[in-house]
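Heads up: the structure comes next, in structure tokens.
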Amino acid sequence: MRFDRRTLPSLLLAFCCIAIATPAFAEDTSTTAAPAIIPLPASLEMDAGRFHPGKTLHVAITGKLADRRAIAALANDVLREAWHRPVAAASAKGHADLRLVLAHDASANPESYTLRIARDGIVIRAPSDTGLFYGLQTLRQIATPGSDAKAGIPALHIADQPRFRYRGLMLDSARHMQPIAAIKQQLDLMARYKFNTFHWHLTDDQGWRIEIKRYPKLASVSSMRKETVIGNADDGATARDGIPYGGYYTQAQAREIVSYARARHIDVIPEIDMPGHMVAALAAYPELACTPGPFDVYTTWGVSDDILCPSPQTFAFVEGVLDEVMATFPSHYVHVGGDEAPTTRWKQSALAQDIIRREGLKDEHALQGWFLRRVESFVRAHGRSIIGWDEILEGGASPTATVMSWRGMQGGIDAVRLGHDVVMSPTSHVYLDYCQSKEKSEPPCIGNFLPLHKVYDFEPVPDGLTPEQATHILGGQGNLWTEYVKTTQDVQYMLFPRSFALAEVLWSPRQSRDWNGFLQRLPPQLAELDRLHVNYRRLDPQ
Ligand code: ACM
């Protein structure tokens, strides 16, 4: 809770009321502790009194909602889970325990909402369905599942909106796949903590995971690796398990994820990583490489010298793949990777060197820039935009490309100065495959060290930018690479509670960041994970 100038008078009023009220009223106002909400709302003021739910909970919805049924269903779920009482629709003018009001306001942040809890009812007001959705998520953290109906919930007023418009988590389904049900559960939890972007890493050297009908061998060949390295390859492990591993998501399944996410106000950004991290595709279509192959889907981790050759066949392949990807994923952004593409093969390739000469390019990095600018024009011709890892800057990315800064913050700073939009996603603070302690007992992780408080310390807007430049930092993203994260249990262990810390970084005002306050607000969230049978890392003793 932020004790700002507006909070103070209402607190004084609350204390004053306690002092002069009748005993029953005094009891009614005795609890004014702020509820444990993550991410912390932009403004939260406690009021006097409490709301007590009626025997039947009446919900009224007014305004022109895009999807009234979806919001009504969520409201019903939140209320029913909280108090286990029947929920019924109320008329617009009749008494309502919960009133949801959509009031269009072109000047308001579309993700904003206000939530007022008073003795006579709860009102959530927002300029869009998304705002109502987030207001209900906040209400769920106040009226927690199985709440004490007799005690009710405290009166308060929240006025909330996100600090950043891009609040993302990336999941690598290439190194290890996750069941559709597990991804849906992750989306459910992301929505509760007001994440709005799910970046889905679908292709890599070790497996291609999305069906492309025009290139069927991506499913039959590229999706399977014959075995997997045992232990931590970064520590020198070379033994293989001898067990074939693979699978892929059909386009129908991907659409199912997209619509499940959409219903939770989350965009799904697909990533087709190119020109590097493409060995799985080369195993099926070796003619796309600069050397004859053959290639096997990678069975260990790391970076391969074998990448796409910038040939006409490759562009036909990339465009064919992206056509189907864009038809499956309606997101504004298409992620085209661009990371970790060694120039070794292009240095030795007559075809690549001819293009460098013909186009007057400086070197192979500039050739990668040329390659991705060509891919970008294709994507833009379809009304979409590209996003790529910060290496895309090295070859001269087009200014309309959005840059995801992962090798620290500098790529993002450089990109913003060049006029790009940026998503900050530095290894130092948001690589969720990093270990959460230095103990040997920690489940498999890639190495390095990223404890909870370091995520909480993440600041997406670096010092030294002008206010105008800072507006190009769209937000931030946590990345969960899955070389060593094989099971749903382990995915959850890496995500929680670190993604709660990230949620607060990306949503709450910078000045309200408070590590001790965050720690105090964590236990009810962890109890909820327990109730939902979601795994997470236990907190270290403080
Ligand atoms: C990355 O971690 N290679 C983007």
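The values are calculated or read from the model by the stated rules, or taken from the named source; none is laboratory data. Since we're looking at a predicted model, the values are computed, not measured. FYI the Cβ positions are ideal-geometry reconstructions off the backbone, even for glycines, and counts take in every protein chain you see. When the accessible area is computed, the model is the full protein with side chains, heavy atoms only, and any ligands, DNA or RNA have been set aside. Shrake-Rupley method; radii C 1.70, N 1.55, O 1.52, S 1.80 Å.
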Task: Set Arg163, Arg167, Arg175: member being over 14 Å from Tyr260 (Cβ atoms) and surrounded by fewer than 22 Cβ atoms within 10 Å (Cβ to Cβ) - done: Arg163
Open item on the list: Just to be sure I understand, how many residues within segment 249-267 are open to solvent by 10 Å² or more (accessible area, probe 1.4 Å) and assigned to a strand (DSSP E or B)?
Closed with: 1
Open item on the list: Six or more apart or on different chains, Cβ atoms under 8 Å: show the pairs whose first residue is in segment 97-122 and in a strand (DSSP E or B) and whose second is open to solvent by 30 Å² or more (accessible area, probe 1.4 Å) and polar (S, T, N, Q).
Closed with: Arg99/Thr62; Leu100/Thr62; Val101/Thr62; Leu102/Thr62; Tyr113/Gln161
- [ ] State all residues of segment 335-354 that are hydrophobic (A, V, I, L, M, F, W, C), within 38 Å of the chain's Cα centre (by Cα) and more than 16 Å from the ligand (Cβ to nearest atom); if no residue qualifies, say none.
- [x] Trp346, Ala352
Open item on the list: Going by what's in this entry, would Ala34 be described as at pLDDT 95 or above and either under 18 Å from Ile122 (Cβ atoms) or open to solvent by 50 Å² or more (accessible area, probe 1.4 Å) (or both)?
Closed with: no
Task: Where a residue in segment 413-431 is of a type in the set (Phe, Trp, Tyr) and its partner, wherever it lies, is more than 13 Å from the ligand (Cβ to nearest atom), with Cβ under 9 Å and at least six apart - done: Tyr431/Leu450
Open item on the list: Here is a check on your reading of the model: is Ala155 more than 27 Å from the chain's Cα centre (by Cα), in contact (Cβ under 8 Å) with a residue 60 or more places away in the chain and closer than 23 Å to Ser512 by Cβ?
Closed with: yes
- [ ] Would you kindly identify the helices (runs of 4 or more DSSP H) lying entirely within segment 299-418 that contain at least 2 residues that are aromatic (Phe, Trp, Tyr)?
- [x] 312-328, 364-381
TODO: Only one of these is under 16 Å from Val379 (Cβ atoms) and buried (at least 22 other Cβ atoms within 10 Å of the Cβ): Val297, Val325. Name it.
DONE: Val325
TODO: Scan segment 357-398 for residues that are within 24 Å of the chain's Cα centre (by Cα), open to solvent by 20 Å² or more (accessible area, probe 1.4 Å) and away from the ligand (no atom under 16 Å from the Cβ) and jot them down.
DONE: Arg380, Gly383, Arg384
- [ ] Starting from segment 233-252, take each residue that is in contact (Cβ under 8 Å) with a residue 12 or more places away in the chain and list its partners that are buried (at least 16 other Cβ atoms within 10 Å of the Cβ) and assigned to a helix (DSSP H, G or I), counting only C-beta distances under 6 angstrom and pairs at least six apart or across chains.
- [x] Tyr248/Ala219; Gln251/Thr328
Task: Boolean, Ser437 is open to solvent by 20 Å² or more (accessible area, probe 1.4 Å), of a type in the set (S, T, N, Q), closer than 29 Å to Thr228 by Cα and away from the ligand (no atom under 16 Å from the Cβ) - done: no
Open item on the list: Just the residues that are under 11 Å from His472 (Cβ atoms) and within 14 Å of the ligand (Cβ to nearest atom), please, taken from segment 403-421.
Closed with: Val403, Gly412
- [ ] Considering only residues that are within 24 Å of Gly54 (Cβ to Cβ) and part of a loop (DSSP other than H, G, I, E, B), look in segment 123-146 and name the one that is farthest from the chain's Cα centre (by Cα).
- [x] Gly146
- [ ] Assess whether Leu187 counts as being in contact (Cβ under 8 Å) with a residue 40 or more places away in the chain, surrounded by fewer than 23 Cβ atoms within 10 Å (Cβ to Cβ) and closer than 30 Å to Val336 by Cβ.
- [x] yes
TODO: May I ask you to list the residues in segment 480-501 that are touching an Asp or Glu at 6+ places or on another chain (Cβ under 8 Å) and hydrophobic (A, V, I, L, M, F, W, C)?
DONE: Leu480, Trp481, Val485, Met494
- [ ] Sort out which residues of segment 422-433 are more than 11 Å from the ligand (Cβ to nearest atom) and among the hydroxyl-bearing types (Ser, Thr, Tyr), and write them in order of number.
- [x] Ser428
Task: Residues that are in a loop (DSSP other than H, G, I, E, B) and closer than 16 Å to Asp490 by Cβ, drawn from segment 422-438 - done: Leu432, Asp433, Tyr434, Gln436, Ser437
Open item on the list: So if I check each of Ala237, Ala252, which one is among the aliphatic types (A, V, I, L, M) and either touching an Asp or Glu at 6+ places or on another chain (Cβ under 8 Å) or farther than 19 Å from Lys486 by Cα (or both)?
Closed with: Ala252
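Listed here are the residues, each with its yes/no results for (1) under 22 Å from Lys194 (Cα atoms); (2) of a type in the set (A, V, I, L, M, F, W, C); (3) out of contact with any Asp or Glu (no Cβ under 8 Å at 6 or more places or on another chain).
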{"position": "Cys435", "(1), (2), (3)": "no, yes, no"}
{"position": "Pro443", "(1), (2), (3)": "no, no, no"}
{"position": "Ile446", "(1), (2), (3)": "no, yes, no"}
{"position": "Phe449", "(1), (2), (3)": "no, yes, yes"}
{"position": "Tyr456", "(1), (2), (3)": "yes, no, no"}
{"position": "Pro460", "(1), (2), (3)": "yes, no, yes"}
{"position": "Gly464", "(1), (2), (3)": "no, no, yes"}
{"position": "Leu474", "(1), (2), (3)": "yes, yes, no"}
{"position": "Gly478", "(1), (2), (3)": "yes, no, yes"}
